[in-house]
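Comments concern the structure below.
Read-outs throughout are calculated quantities, based only on the coordinates presented, and are distinct from any laboratory measurement. From a predicted model like this one, the values you see are computed outputs, not experimental measurements. Counting neighbours? That spans all protein chains shown, and the Cβs are built from the backbone with ideal geometry, glycine included.
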Amino acid sequence: MSGILRALLRHRSGLLGLVLVSVLVAAAAVSWVWTPYDPTTTDLKARWVLPFRDGHVLGTDMLGRDQLSLLLVGARETLAVALLATAIAAAVGLLMAGAAALAPRWISASVVQLVDVVIAFPALLTAMVLAAVFGGSLWTAASAVGIASGVHVARVTRLEIERVRGTDYVLAATASGSGTWRTMRRHVLPNIAPTLIVQLSLVMAVATLTEASLSYLGYGSPSPAVSWGRMLHDQQPYIEARPLLVVWPGIAVALTVLGFNLLGDALRDATDPRLRGSGVGSAAPGGVPESAAEGLPKHGSAAAVPVAAVAAPASAPLLTVTDLTIRVGARILVDGVSLSLAAGERLGLIGESGSGKSLTSLAVPGLLPEGLTASGSIRIDGVELLGRPERQLAGIRGERVAMVFQEPLTALDPLWRIGRQIAEPLRLHRGLTRRQADEEALRLARRVGLPDPEHIVRAWPHQLSGGQRQRVGIAIALACRPALLIADEPTTALDATVQREILALLDELTREQGTALIFVTHDLAVVASVADRIAVMRRGRIVEHGPLGEVLASPREAYTRSLLAAARATSFTPSPASPSAVPPIPPSAPSAEPFEPSLATEATT
Amino acid sequence: MTVFVVRRLVLLVVSLFAASVLTFALLRLLPGDAAAAIGGITADEAQLRAVRHELGLDRPLVQQYATWLADVLSGDLGRSQLNGTSVTAELGEKARVTGPLVLGSLALALAGAVPLGVLAALRHRSRVGTGISAASQIGIALPTLWVGLLLVTVFAVQNRRLPAQGFPVEGWAEPGQALRSLVLPWITLALSEGAVLLRFVRSATLDVLGQDFLRTARANGRTRAGALWRHGLRNASGPVVSVLGIQVAALLVGAVVVEKLFALPGAGSMLVADVGNRDLVKVQGEVLVVVAIVLAVGFAVDVGQRLIDPRLRETGR
Amino acid sequence: MNETASLPTAETATETAPEPLLSARGLRRTYRLPRRRLLRPAPVRQALRGVDLEVREGGSLGIVGESGAGKSTLIRLLLGLDRADAGQVLYRGREVAGGGRPRDLAWFRREVQFVPQDPLGSLDPRMRVRDIVAEPLECLADASTAADGKAGRDRRIDEVLHAVGLDAADVRRRYPHEFSGGQRQRIAIARALAPRPRLLIADEPVSALDVSVRVQVLDLLRDLTARLGLALVLVSHDLGVVQLLCEEVLVLKDGRVEEQGPAEAVLRAPRSGYTRELLASVPSLAADPVSAPRYGPTR
């Protein structure tokens, strides 16, 4: 609890929300025991007193009532409606959501249906109808808002319950023997709480606004009660003479609503252990481990491979990367990477998560995620790319340098037909007409071995299998016959049999078109089947580099050796090694747990 | 898709039916005596009985409901208890003010919220982005009626450019006058609506900006802005459209307040007056119309979602 | 005479084929898909079309298959998380009726525990490690363990955390997001070990991990099952992992058992054409250039 409070105080807008809500509560509380003047006493001698005169801090209105006193007392009405409405909304919402989630099918279906109907009755409308029947009061306002918001809460909460019940941790809990009610109490409730908090804070805000509108329309609490909405109503006729008087109650309403909203958002964040504590704001983007740059040796040490060693022999290189360094803020994610590639050459870029291999490959065509900066030099055909404007880089991407990505489903636009996506680079770089592009898309679809190409160019990505989607990805990438293809884990998400087909296709097409290839992967066995040379990355640097056979047969670096050993230990070999033959991981092996060195331990006994 | 539309249409009819029952129940079943409410505190027992008979309140409830529903289905929402005017005819008349008010402010809100929301998402790390976000946060907190009052103060009272209140008696026969009197109501309603929409546009755009397919589009040779324009906005429109469906209810309610504030002779003012007069037949008809509109918009939104997204089309639900 | 003569044969039979720990017979499961056309019945997907399997006490079975083969459905049925349309799951000869009240299966869950695939997703982000590991202990407490009380439970938590190579004092009060992938999987394994099960069912336990971490977690699993005499059902798409940990292999394809037998026999000399294709597809570390022939557009 104190942890939550501390997190709240550290959250800047949360602090503001907390202060605003506290002021409201304090005003309501104080008004019971003290107000500067009696808010309901009219004093015609003291009409229209300007602010800060005669002890009236905010002045008086046409009846001589002290505005500050009215505001203080009005806070009670607002707070009462907000709390009452929220209590009703919470009760209605939780009951309905619980029924929809847990009750037998026919009950839950009718609850969902009922929610969808009641949601169409706006709170203000219901409140007015209730006021028409019963006469306006605190209760009509609060119950109308409570019920109308309650069904909104029910709808959102039901979806949240369903989301949480579909998570793996609920599955694991069930497999651990946790019963329905225990799972609801221990897993579902804590995990829907943040959404519930935000929803209920919204109810408070809506209640405040609706109460003001209702009182303004004359359907709030009857006369002796004071409310901010009624103050606005009373002062509207005199707006011409005393415009300032409508300002105070309006500001009071606005600040209250703002307070509820800010506090709700902040509470949501504060109750999340992932955002609390030291972790706030330090989460690495894209899952890059924090330790990627820690304790790196300085340049020129044995670990760094000199450029000369990396450079491809003979002919002028197609791609030259020199001293590429990628930072986010002060943290270094990729540290002085240099490599070069001749036309038609194939390089495997190997590394584990957080090694910087993907960032390096994304940096080449200028596709680094927002917030990351690259320095050093990246040249294609001798032309420097780093620091070029987006428009010029876009002219190279898809034309000279193309990419194939890891997740073939998310990499395709779900709303575009396959054919149009295949033709996109052609339309952009070759200026084909729509008709020509369609023909070309069909040809490419056929070339990458998509079944029934005439039909498939008219399909949407979700209708294809994973392997077919990756064939589409390859067709897109190779459409303009680029000089360099960068494939970032292109087969990791695929089944083994499909992986083999995709690797064969990549191999065949790049050879046919003479395309140079950078193949980024964590899988040594995969890279062995496509690359001529490999570069091993670890913690942002290239630690070893050389011809494929050489590196695999006699790795120089301990890290490469341990990586190879690990890969061999878990890779399938047609004549199985007996388990005892698995080579041990050398002590110099990378800590398997790069996140928290203090927690790292060797495998047990 | 056909499966979905048919299914959803059935659902709409069921919902409308349920809404009519709820509306009826809200006004008849609640423990308040409608006759007493209409007859007034001074009415004696004989007068009350006469009122009840006149309204059909002495008949069984189911029969009352059936009669009312039959009338509603034939387009007759009943007659005013005070002066006998047809509710349907009056609502049709008033819609000529409320319709343009709601649609105009919706258009205005979208015109502001979409570009600003996209900008706030694109620049979410910079001062421009956080500034727009903060402004929308404040915009959401401002009560509509107060914004209206301030606008009146500035534009109508201080420099008298625009009418502070009212609508030409001739209505749209005097288009210039009519338009001028709608300007401030439009802005008032659009500001609070726009602030809410802006937040949703921003978060939907931010969501899309992190998607892999935008990176693919850039890898194909689009610029960051080009990729967002050609691929991102359509993908972001789904969540925004569904919010629009919910916000229509908020707009209609906002219209009630704004019409009262600017003394516009629309359906909202009519509702406020009828509630004040306890003209329950009229209130019942008006509530039903509002709820029916909200439900119909919900239907349109669900179908629209499927037109945008082929993935939804195939699931049939 | 006949009777006495037949006895030894019966005994040897039970020795060579002892009663299986976990077995499944004729498992079928069909899912209804959303209706596409108005007037036609809703289409169905047959996830499992009659699967039989057996795991002996202390034995290890690897279930291999590609996506859509029915692996996840099979796991859910074996764990009693779902009810089969036909067929049954038996544990020590007693039926495991899935889909019913959770308490009815407490006897089963005390003996059979689960190691899920995604080590982050399977740990509740709002629970401390201590509570996560304590969960099966709390839920499955019976007369014998209830006597131990909280102190006994805490001792057990420390014990299993230590067994998976974590520093109990340090990690108990932490949240899952503070750990690396490998450490999270260790926590999940500790949770599974807590109620002293006899059988672990692991769903792709290392596929989300880096290669070097993978070896460590596999070593850990192998050591633990050997030391504690646990039986293991391991579901994986990765033949290398199966080869490393399992004595028996079952190849699943389109909801049917394609091939089943001792790991060495199946992996060295597969009888089914599909198994052969699967084996041939695994990229090998032999540093030769692609010799793969071109494949037709099958997928």
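Annotations for the structure displayed:
- GNM flexibility winner over chain C from C:Gly70, C:Gly93, C:Gly149 (Cα, springs under 10 Å): C:Gly149
- Beta-bridge orientation, the protein assembly as shown: approximately 55 percent antiparallel, per DSSP, counting only bridges with both partners inside.
- In chain B, the DSSP-assigned H stretches of four residues or longer account for a calculated mean residue ellipticity at 222 nm of -25000 deg cm²/dmol, using -39500 (n - 2.57) per stretch and the full residue count as denominator.
- A straight chain from A:Leu44 to A:Ser22 at 0.36 nm per residue would run longer than the Cα-Cα distance by 4.5 nm.
- Debye-formula intensities of the stretch C:108-186, expressed as log10 I(q)/I(0) at q = 0.14, 0.19 Å⁻¹, are -0.47, -0.86 (one equal scatterer per alpha-carbon, no solvent).
- Put in line by how crowded their Cβ is, counting other Cβ atoms within 10 Å and starting with the fewest, C:Arg103, A:Arg331, A:Arg469 read C:Arg103, A:Arg331, A:Arg469.
- Efficiency of FRET between B:Leu69 and A:Gln113 - r from beta-carbon atoms, R0 25 angstrom, step 0.05: 0.85
- Shown here are the Rg and Dmax of the Cα trace of chain C, at 21.3, 71 Å.
- Within the straight-line cut-off of under 29 Å between alpha carbons, the lysines reachable from C:Lys253 are C:Lys71, sequence neighbours fewer than 8 places apart in one chain being disregarded.
- With contacts taken as Cα pairs under 8 Å and at least 6 residues apart, the stretch A:2-276 reaches a relative contact order of 26 percent.
- Residues in the stretch A:371-410 that a label on B:Arg234 would reach, taking backbone N under 19 Å of a point 7 Å out along Cα→Cβ: A:409-410
- For the stretch A:122-245, alpha-carbon Rg over 2.2 N^0.38 Å: 1.53
- In this Cβ point-charge picture (+1 for Lys and Arg, -1 for Asp and Glu), the protein assembly as shown has a dipole of about 1400 debye about its Cα centre.
- Order of C:Val55, A:Val334 - criterion: other Cβ atoms within 10 Å of each residue's Cβ, fewest first: C:Val55, A:Val334
- Of every Cα-Cα pair in the stretch A:1-142, the percent that sits beyond 27 Å: 51
- Inverse of mean 1/r across different Cα pairs in the stretch A:425-497, Kirkwood, Å: 13.2
- Over the stretch B:87-315, volume per residue of the alpha carbon convex hull, in Å³: 154
- Over chain A - Rg/Rh using Cα atoms and the Kirkwood inverse-distance radius: 1.11
- In the protein assembly as shown, the C-alpha radius of gyration followed by the widest Cα-Cα span (Dmax) gives 35.2, 127 angstrom.
- Positive-end extreme of charge dipole, chain A - chosen from A:Val133, A:Phe572, A:Val404 (charges on Cβ): A:Val133
- Cross-link reach list, lysines versus B:Lys282, counting only Cα pairs under 20 Å and skipping chain neighbours closer than eight places: B:Lys94, B:Lys260
- Per-residue extension of 0.36 nm, minus the Cα-Cα distance of B:Asp207 and B:Leu307, leaves a gain of 33.9 nm for this segment.
- Taking other C-beta atoms within 10 angstrom as a stand-in for reagent exposure, C:Arg45, A:Arg434 fall in the order A:Arg434, C:Arg45, fewest first.
- Tail fraction, Cα-Cα pairs, the stretch A:2-276, threshold 25 Å, whole percent: 54
- Contact order for the stretch B:132-233, expressed relative to its length and based on alpha carbon pairs under 8 Å spaced 6+ residues apart, stands at 28 percent.
- Here, the stretch B:222-317 is characterised by an Rg to Rh ratio of 1.19, where Rg is the alpha-carbon radius of gyration and Rh the Kirkwood radius.
- The calculated 222 nm mean residue ellipticity attributable to helices in chain A amounts to -15500 deg cm²/dmol, summing -39500 (n - 2.57) over DSSP H runs of n ≥ 4 and dividing by all residues.
- Over the stretch B:135-193, Cα pairs under 8 Å with separation of 6+ residues give a relative contact order of 41 percent.
- Dimensions (Å) - the stretch B:168-227, Cα atoms, principal axes, largest first: 60, 22, 11
- Rounded to 5, the percent of DSSP beta bridges in the stretch A:430-576 classed as antiparallel: 55
- Placing +1 on the Cβ of every Lys and Arg and -1 on the Cβ of every Asp and Glu, with nothing else charged, gives the stretch A:2-276 a dipole about its Cα centre of roughly 880 debye.
- Computed FRET value (nearest 0.05) for B:Ala296 with A:Ile251, which takes r as the C-beta separation and R₀ as 45 Å: 0.75
- Counted as membrane-span-like here are DSSP H helices of chain A whose alpha-carbon atoms extend 15 Å or more along the helix's own axis and whose Kyte-Doolittle mean is -1.0 or above; these are A:12-33, A:67-102, A:105-118, A:123-134, A:138-165, A:189-217, A:247-270, A:418-429, A:466-478, A:496-513, A:558-570.
- Cross-link partners for A:Lys357 among the lysines, with Cα-Cα distance under 25 Å and sequence neighbours closer than 8 places in the same chain left out: A:Lys298.
- Note on the stretch B:249-317: dipole from Cβ charges, positive end direction compared against B:Val290, B:Val256, B:Leu280; the farthest Cα belongs to B:Val290.
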